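What follows is one structure encoded as structure tokens, with my remarks underneath.
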Amino acid sequence: MFSKKCKAHLEDVGETGLEHAKGAVKAAIKLQGLVPILLIHAIAPRLFINTATKTMQDILKDRQNGK
């Protein structure tokens, strides 16, 4: 079902296809949630000062910890 490159990637990250898909979808949902926050921040920089940065750091930390 998966190509050789896909299988190699899953092996590199130590996840099954389902685990990898779950992590990717979770990250995508969090990032989509940031879009309105970033648009508001663009207009009113005093709002949501660190929200996007912290959320992106949390996503990367979760991925590194295998969550």
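Quick notes on this one:
- Placing pseudo-labels 7 Å out from each Cα toward the beta carbon at Asp12 and Thr53 gives an inter-label distance of 2.9 nm.
- On the beta carbon distance between Phe2 and Asn65, with R0 = 22 Å, the FRET formula returns roughly 0.35.
- For the chain, the fraction of alpha-carbon pairs in successive 5 Å shells from zero, as %: 3, 16, 21, 17, 14, 11, 8, 6, 3, 1
- Helix 4-13 and the longest principal axis of the Cα set of the chain meet at an angle near 60°.
- Per residue, the chain reaches -25500 deg cm²/dmol at 222 nm when only DSSP H runs of four or more residues are counted, each adding -39500 (n - 2.57).
- Accessible carbon and sulfur surface of the chain relative to its total accessible area, %, 1.4 Å: 65 percent
The values are calculated or read from the model by the stated rules, or taken from the named source; none is laboratory data. Computed from a prediction, not measured in an experiment: that's the story for all the values here. Cβ sites come from the backbone with ideal geometry, for glycine too, and all protein chains shown count toward neighbours. For the accessible areas, the whole protein counts, side chains as well, though only heavy atoms, and no ligand, DNA or RNA atoms are used. Shrake-Rupley method; radii C 1.70, N 1.55, O 1.52, S 1.80 Å.
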